[in-house]
Amino acid sequence: TEAALGLLENVSGQLRRTFQQTQGPDFQSVLEAGPIAYWRLDELAGPLAISSSITPHKAWYEPGVVFFLKGPNSNELCNNGEQNRAAHFAGGRLRAYLDNLGDRYSIAMWFWNGMPLQSRDIAGWMFSRGREYGAGPQGDHLGIGGTVHAGKLVFFSSQHGEPGKLVPGNTTLQRWDWHHVVLVRDGRTVRVYLDGNPQPEIEVTSPSDTLLRLDHLFFGGRCDNQSNWEGRLDEVTVFNRALSADEIDNLY
């Protein structure tokens, strides 16, 4: 506990060391791509997630997150045989505020779904940009289908008061497997890439003008707290531009 750690500091006369994972070649590739935020999700506890990007954007864990579990791609994201670490989301989300993100941005992360597909329509939303407590009339939302579009990536956008549409990807993903996803919004065009494939899983046209007023990002759940993520996320990265196919390949 915090009290016990404080007592040990007093007895030893030394401050505790801040844990930091080693930085493997994939970590360096992400930094070289110039993200505005990069959360490794390797914390031992919440509520604060520390960004590894040059700009120190902070994010906050909500209750309902388990820390320091086994993550993906250890040999590339870490050095010297160290186990990469990830956060497990069980109802809580990671919340961040990035002003002036605009309608050209990219989100990259590793994800691991633990929810049985037959449990609900959407197995879980892993990313959401929108207003707190509401999924519309604007916003971008990325998740995995459950009984609807089972096991496939799904993108949902409900702008201008329209009912919205759920657009599925092509690949059926297995439970408990790690995958890498990149969502790229380039104005009205949205593309979602899976595991470094230069051909997008999803490509759709979606109005973008209302996004200019949406500065809140949520990882591990949707902005209205519906069908939140039940599984792990890692290496969450935000760019204030639309990534190219070559850049996406380098991230993977």
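The values are calculated or read from the model by the stated rules, or taken from the named source; none is laboratory data. Computed from a predicted model, the values in this text were never measured in an experiment. All Cβ positions, even for glycine, are placed from backbone atoms using ideal geometry, and neighbour counts span all protein chains on display. We work out accessible area using only protein heavy atoms, side chains counted, and drop any ligands, DNA or RNA first. Shrake-Rupley method; radii C 1.70, N 1.55, O 1.52, S 1.80 Å.
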message = Exactly one condition in (1) part of a strand (DSSP E or B); (2) over 17 Å from the mean Cα position of the chain (by Cα) is false for D246; which is it?
response = (1)
Of all residues in the stretch 181-200 being touching a residue at least 40 places away in the same chain (Cβ under 8 Å) and farther than 16 Å from A242 by Cβ, the one that is farthest from the chain's Cα centre (by Cα) = G196
request  = Would you confirm whether any residue within the stretch 17-27 is in a helix (DSSP H, G or I), open to solvent by less than 70 Å² (accessible area, probe 1.4 Å), under 14 Å from A108 (Cα atoms) and modelled with pLDDT of 70 or more?
outcome  = yes
key: Among (1) farther than 15 Å from S227 by Cα; (2) within 16 Å of the chain's Cα centre (by Cα); (3) surrounded by fewer than 22 Cβ atoms within 10 Å (Cβ to Cβ), the one test that F111 misses   = (3)
query = Out of (1) under 16 Å from V236 (Cα atoms); (2) open to solvent by 10 Å² or more (accessible area, probe 1.4 Å), the odd one out for P168 is which?
reply = (1)
message = Looking only at residues that are open to solvent by 20 Å² or more (accessible area, probe 1.4 Å) and within 16 Å of the chain's Cα centre (by Cα) in the stretch 201-232, which one is nearest to L69 (Cα to Cα)?
response = R232
key: Qualifying residues in the stretch 193-234 (those that are touching a Lys or Arg at 6+ places or on another chain (Cβ under 6 Å) and either closer than 27 Å to Q20 by Cβ or in a strand (DSSP E or B) (or both)) - the one modelled with the lowest pLDDT   = T205
request  = Return the total of residues in the stretch 85-107 being over 30 Å from D186 (Cβ atoms) and crowded, with 18+ Cβ neighbours inside 10 Å.
outcome  = 3
remark   = Residue set L173, L166, L212, L153; condition closer than 20 Å to A96 by Cβ and either out of contact with any Pro (no Cβ under 8 Å at 6 or more places or on another chain) or not hydroxyl-bearing (S, T, Y) (or both); output residue L212
note = Here the qualifying pairs (Cβ atoms under 8 Å; residues six or more apart or on different chains; first in the stretch 71-92 and among the polar types (S, T, N, Q); second in a strand (DSSP E or B)) come out as N73/W110; N73/W178; Q83/K70; N84/K70; N84/D234
